[in-house]
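The structure under discussion appears below in the form of C-alpha cells.
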Amino acid sequence: MEQYQAFRTLMQAGEATAAQEFYVKFYQAFILGDRWQQYLSGVGTTLLVTAMALAIGIVLGILVAMVRTAHDQQRAGKKNWLLGILNGICQVYVTVIRGTPMMVQLLIMGFVVFSSSRNYTMVGALTLGINSGAYVAEIIRGGLMALDPGQAEAGRSLGLNYIDTMRFIVIPQAFKAILPSLGNEFIILLKDTSLITVIGGKELVYAAQAIYGRTYEQMFPLIGIACVYLVLVMIFSYLVGILERRLRQSDRR
C-alpha cells in the first residue's frame, strides 16, 4: 500500500516511469479495496446464469425439436391436427427468437415483460435460455432428421412408443453427431452472459464497469475480464473435447 501511494504521487506529479504507472493502474483495478472480490463475484454470477440458461435452452430445444421432427415425419394422409398446431407455435418461436437481436430481447424482457422485477440476473438467465432454446432446437432437429428413418422404425417394431424410441434409440445416436455444434452454441451462450449488464445483471462486465467508473481507467478492468472469459471458454472447450473423445472411443468398442 505504501509503495502504491508513493508511485501514485509520482504519477500525479508526472515523474513516474512506465513501470510505476503500470503498477498503480494494476493495483487500482485489482487490489485496492479488495476489488478482485468484485471480479470473483462476477464470475460466480456468470457461471450461474450460464448454467441456468443452459438448462432452459436444452429443455426447450429438445421439446421443440421433437415436436417439429414428429410433425415432419408424419406419413402422408395421417396428419395430426394437434401436432400441426404445436408445430406452428414452435415455428413462430424459432423464427422470432432467431430473427431478433439478443440485446433487444433482453431489453424487452427486462423493461417490458418483467418491468416490476428487480432480479435482473434471473431475468437475464431466463432470456438467454429462451434464446438458446431456439438455436438448440434447430441443431437437434437437424441431427434427428439426418438419421436413417429405419432407426425409428426399428424402435417401433420392438414395441416402443414414439417417446421411448426417441429417448433410447434416436436421440443418443443424434447426440454424437450434433455435439460439436452444441458445444459451440454453449460457448456462445457463456459469452452472451456479458449482455445482461444492459438490464442491470451483476456479472463480469458489470463488475468491470463499476471499477473503472471509480478509477477512470478502463484498460485493466476490461482486459482482465476478457482474460477471464477466455479462460472459461478454454475450460469449456476442453471439457467438450473430452466428451467427444469418449464418445468416439465408445463407437470403436
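Rule-based calculations on the coordinates, nothing more; no lab input. In this text, all values refer to a predicted model and were calculated from it rather than measured experimentally. Methodologically, a virtual Cβ is constructed for each residue, glycine included, from the backbone with ideal geometry; neighbour enumeration extends over all protein chains shown.
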Worksheet item: To the nearest 20 debye, what is the magnitude of the charge dipole of the chain about its Cα centre, counting +1 on the Cβ of each Lys and Arg and -1 on the Cβ of each Asp and Glu?
Response: 840
Discussion item. Taking only Cα atoms of the range 80-181, what ratio of Rg to Rh do you get with Rh as the Kirkwood inverse-distance radius?
Written reply: 1.10
Discussion item. Taking the beta-carbon count within 10 Å as an exposure proxy, list Arg245, Arg35, Arg156 from fewest neighbours to most.
Written reply: Arg245, Arg156, Arg35
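Arranged by the count of other C-beta atoms within 10 angstrom, fewest first, what order do Lys25, Lys176, Lys79 take? Could the numbers behind the result be given before it?
Working: Lys25 18, Lys176 15, Lys79 10.
By the 10 Å Cβ count, ascending: Lys79, Lys176, Lys25.
Tell me, what are the semi-axes, in whole angstrom and largest first, of the equivalent ellipsoid of the range 161-245 as set by the roots of 5 times the Cα gyration tensor eigenvalues? All intermediate terms of the calculation are to be shown ahead of the outcome.
Numbers: eigenvalues 293, 46, 9 Å².
Taking √(5λ) for each eigenvalue gives 38, 15, 7 Å, largest first.
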Worksheet, complete the sentence: Projected onto the charge dipole of the range 115-253 (unit charges on the beta-carbon of Lys, Arg, Asp and Glu, signs +1, +1, -1, -1), the Cα from Ser132, Met219, Leu247 with the largest positive-side position is that of Leu247
Item to complete: Taking the chain as the reference, fit the longest principal axis to its C-alpha atoms, fit the long axis of helix 2-12 to the helix C-alpha atoms, and give the angle between the two in degrees, 0 to 90, nearest 10.
Response: 80
Response to the item:
Sequence order, the range 163-169: Karplus ³J(HN,Hα) from phi using 6.51 cos²θ - 1.76 cosθ + 1.60, θ = phi - 60°, Hz rounded, Gly and Pro as x, gives 4, 5, 4, 5, 5, 9, 10
Worksheet, complete the sentence: Tilt, helix 81-99 to longest principal axis of the chain (alpha-carbon atoms), in degrees rounded to tens, equals 20
Worksheet item: If each Cα of the chain is one equal point scatterer, what is log10 of I(q)/I(0) from the Debye formula at q = 0.09, 0.10, 0.11 Å⁻¹?
Response: -0.55, -0.64, -0.73
Practice prompt. Give me the compactness ratio for the range 203-253, meaning the Cα radius of gyration over 2.2 N^0.38 Å.
Written response: 1.84
Worksheet item: What number, rounded to the nearest 500 deg cm²/dmol, is the helix-based mean residue ellipticity at 222 nm of the chain, given -39500 (n - 2.57) per DSSP H run of at least four residues and division by all its residues?
Response: -25500 deg cm²/dmol
